[in-house]
Every structure is written in structure tokens, then in C-alpha cells.
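These notes concern the structure reproduced below.
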Amino acid sequence: MRNMVIIGSGPAGLTAAIYAARANLNPLLLEGNEPGGQLTLTTLVENFPGFPEGIMGPKLMEDMRKQAQHFGTEIVSDFARKVRLAERPFRVYYGEAEVETRTVVISTGSSAKMIGLDSESKLMGHGVSTCATCDGFFYRGKKIAVVGGGDSAMEESTFLTKFANEVNLVHRRDTLRASKIMQDRAFANPKIKFHWDTAVKEVLGSRETGVSGLRVENLKTGATSVMEVDGLFVAIGHHPNTEIFRGQVDLDELGYIKTQPGTSRTNLEGVFACGDVQDPVFRQAVTAAGSGCMAAIEAERWLSH
């Protein structure tokens, strides 16, 4: 019987582990399919407080992991394939094992939806990004492309015009899905150029030199051309990793876990959620870490009642 099982190992899960371990709860943490979470896909992280020169994403997560272990977190390199939260104690299943626990902290994060190109995954963190607020700063005075047609694509494009000289919005259709106010803002921005009925077929460049351009196809004419850009932002949405909790924990219409305002509490007593799995708005390492701290403190208080 465990006091706490933490599912997921991004900034939220590892911060929860650090706090729980220091409170002598001896947490068990399941790393999941993406150990370290989305930060392991980035290169330089410049906006995490305390690193004036920035820190590499994978290094930051490795240090958080060591810190959690240092205080007594047991870390298992496996993923939760099933949970039973209907009755207490809760049960979490991973690999061939099953564990009973008094509290569960869900920090399974969300995954950025990708175009699905080999060249895109090869250059992820080397000129391809899924986060404008994380990486926009690196494109001061440059030409970039954004793929997408929803609110997040409009928001990222508009934000990126603060840095880039030119933002090329590439969309497969001839109309946008984004809300009218977001569309109007993007259309009114002279730095944003729209490329309709266009799909990215290949990202050009190398890990050493970064992105040099995109091979694009006009879906109406079938003509291909090369668009010269210094970076690509993929903004076609995120999906929260909540499949195994469906039907057990309350989710919103997009699949994110609902938490009570200002807390990490779910609709189930003793089950807490933190990080991107319950935050479709900010999606930052520092906010995820903060909510992980909240989850551990709330779980500890709940256990002591």
C-alpha cells in the first residue's frame, strides 16, 4: 500500500514528487511514455526562473528527476496502462504489476499534435517548435512559418510578430476555424502572410544548421514549391493524455481533467491533477511545476485528515 502514486514525469509530476518525498510520503512515480514530458523535446529553455543563461530542456528534467530521487521518490520506468479509481484504495496497473495507493496524482500532460513528417520529428527543437511563448524569442528579425487554422495558430502567429519580420501562416483549407476576433486580429497584422490550400510536405534543413525552408504543396493545383523560412511552429492543437481516466474522472469537452478552481482537486476525493493534463491555457513548465507543488500539498493534507 502506497501513500501516493504519481502518474507522469514532467515538471508537474516531478515537483509533486519532490514535495511529497520531503513530506515523508515515499511516493511512487511512473515515468510514462515520454519521460520528462514535453521539455525533453526542446533544446534551450530560457524562461524557467533561476537560469540566467538558460538551460537545456532535457538537462532541466534530468536534474528535477535526480532531486525527486534524492529525497526518496521511487521512480519506475513504465507507464500506467489502467487505473481503478471507483473504490478505495485506488489501484494503478503498470507492466505486469499492480499497486494500491491512498492518493493518486495525475500529471500525464498533453501532447502537441504533429503534422507527422519524418523531417519534422528530426528537426524538433532544432528549428521546429510547438510553443511560441517558449521559442519565439530565438526568431528575432527572422522569417518563420506557422501551420494551423484554429485559435492557437492565430494566437501563436500574432505573438510571433513581436519577434519575426515575417510570419507565414500555412493552412490546408481556404477558411480558418479560428474565432472571428482572433481571425480579425491576424488579418489586420501586416507581418502575417496567409498561404491557403497549402500543406507542408517536408521540413528542409539539418540539426546542425536548423530549418532553412519548407517544401509545400498547393492542394488545389498540386504544384510544389519551397518556402524559405528560418523556423516552423506547429500549432494544430494538443490532446491531453487522459484516455485511461475517461469515465472515472470528470473531463471537459476537450478531454482535459477538470479541477476545482484554485486547487488541484478532481471530482474524486484523494485524486489530484496537475500540469498540462488540466491546463489547456498556459502550458508552461513553471506553471506545471507550481500546480505539482499544489497537488502534493493538498494530497498530504488530505492524507492527514
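A few notes on this one:
- Being of a type in the set (A, V, I, L, M, F, W, C), over 24 Å from the mean Cα position of the chain (by Cα), surrounded by 21 or more Cβ atoms within 10 Å (Cβ to Cβ) and at pLDDT 95 or above is not true of residue 187.
- Residues (among the aromatic types (Phe, Trp, Tyr) and farther than 14 Å from residue 219 by Cβ) located in region 179-200: 187, 194
- Test: residue in region 19-32 that is of a type in the set (Lys, Arg) and within 20 Å of residue 290 (Cβ to Cβ): yes
- Long-range neighbours under 7 Å by Cβ, at least six apart or interchain, first residue free of Cβ contacts under 8 Å to residues at least 40 places away in the same chain and at positive phi within region 23-45, second part of a helix (DSSP H, G or I) and surrounded by fewer than 22 Cβ atoms within 10 Å (Cβ to Cβ): 36/58
- Total residues in region 115-150, condition closer than 14 Å to residue 170 by Cα and modelled with pLDDT under 95: 1
- Enumeration of residues in region 175-211 that are among the hydrophobic types (A, V, I, L, M, F, W, C) and part of a loop (DSSP other than H, G, I, E, B): 176, 178, 188, 196
- Test: residue 172 is in the same structural domain as residue 119 (by TED's automatic domain parsing), under 19 Å from residue 113 (Cβ atoms), part of a loop (DSSP other than H, G, I, E, B) and touching a strand residue (DSSP E or B) at 6+ places or on another chain (Cβ under 6 Å): yes
- Condition check for residue 214: touching a helix residue (DSSP H, G or I) at 6+ places or on another chain (Cβ under 8 Å), buried (at least 16 other Cβ atoms within 10 Å of the Cβ) and in contact (Cβ under 8 Å) with a residue 24 or more places away in the chain: no
- Only residues that are more than 16 Å from residue 158 (Cα to Cα) and either acidic (Asp, Glu) or out of contact with any helix residue (DSSP H, G or I) (no Cβ under 9 Å at 6 or more places or on another chain) (or both) were counted in region 176-200, giving 4.
- Some residue of region 280-303 being modelled with pLDDT of 95 or more and outside any helix (DSSP H, G or I): no
- Residues of region 279-305 that turn out to be of a type outside the set (Lys, Arg) and either out of contact with any helix residue (DSSP H, G or I) (no Cβ under 9 Å at 6 or more places or on another chain) or free of Cβ contacts under 8 Å to residues at least 60 places away in the same chain (or both), as a count: 11
The values are calculated or read from the model by the stated rules, or taken from the named source; none is laboratory data. Treat the numbers as computed from the prediction; the structure is a model and nothing was measured. Cβ atoms come from the backbone with ideal geometry, glycine included; neighbour counts cover every protein chain shown.
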